[in-house]
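All remarks here apply to the structure that follows.
The values are calculated or read from the model by the stated rules, or taken from the named source; none is laboratory data. Not measured: the values here are computed from a predicted model. Because the Cβ atoms are built from the backbone with ideal geometry, glycine has one as well, and the counts that use them run over all protein chains shown.
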Amino acid sequence: MPRPEVLEDIKSAESDADDIVAEAEEDREERLSEARQRADEIRSDAEEEARELKEAKLEDAREEIEAEREEILEDGEAEREELAALAEDNEDDAVAFAVERFKEAVHAQT
């Protein structure tokens, strides 16, 4: 093989190698870009899922608090009614007691 042909073959092989390296670089950059984009999508999806989970837990907590509040209010209302009934039952006795004490105080002064 004559020398100019050998040099031409070497130059051609180097050019082919440079093309392969350039293509591999482009492919690597493209894959990196796709991987970054996919990572961003995964992160965004995870953030949205976390936000939704947080809202669901907050809603559950609000409902639980509201149920507990209603129970406390009902218990308080029942206790108020019970105390009102006891007070009503004792009203006559309390009036009689007060009148008796008043009479005793009046008699003590005379």
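In the set A50, A56, A35, which member is free of Cβ contacts under 8 Å to residues at least 40 places away in the same chain and over 12 Å from the mean Cα position of the chain (by Cα)? First the steps, then the outcome.
Details: A50 fails: over 12 Å from the mean Cα position of the chain (by Cα); A56 fails: over 12 Å from the mean Cα position of the chain (by Cα).
Selected residue: A35, the only one of A50, A56, A35 that is free of Cβ contacts under 8 Å to residues at least 40 places away in the same chain and over 12 Å from the mean Cα position of the chain (by Cα).
Condition first: aliphatic (A, V, I, L, M) and surrounded by fewer than 10 Cβ atoms within 10 Å (Cβ to Cβ). Now tell me which residues in region 1-60 satisfy that. It would help to see each step written out before you state the result.
To start, the set of residues in region 1-60 that are aliphatic (A, V, I, L, M) comprises 1, 6-7, 10, 13, 17, 20-22, 24, 32, 35, 39, 42, 46, 50, 53, 56, 58.
Once the filter is applied, which keeps residues that are aliphatic (A, V, I, L, M) and surrounded by fewer than 10 Cβ atoms within 10 Å (Cβ to Cβ), region 1-60 yields only M1.
So, L73, is that one modelled with pLDDT of 95 or more and surrounded by 10 or more Cβ atoms within 10 Å (Cβ to Cβ) or not? So that I can check it myself, show each step before the final result.
Values: modelled with pLDDT of 95 or more: yes; surrounded by 10 or more Cβ atoms within 10 Å (Cβ to Cβ): yes.
Spelling it out, L73 is indeed modelled with pLDDT of 95 or more and surrounded by 10 or more Cβ atoms within 10 Å (Cβ to Cβ).
Checking H107 against (1) surrounded by fewer than 10 Cβ atoms within 10 Å (Cβ to Cβ); (2) of a type outside the set (S, T, N, Q); (3) at pLDDT 95 or above, which test does it fail?
That leaves (3) as the condition not met.
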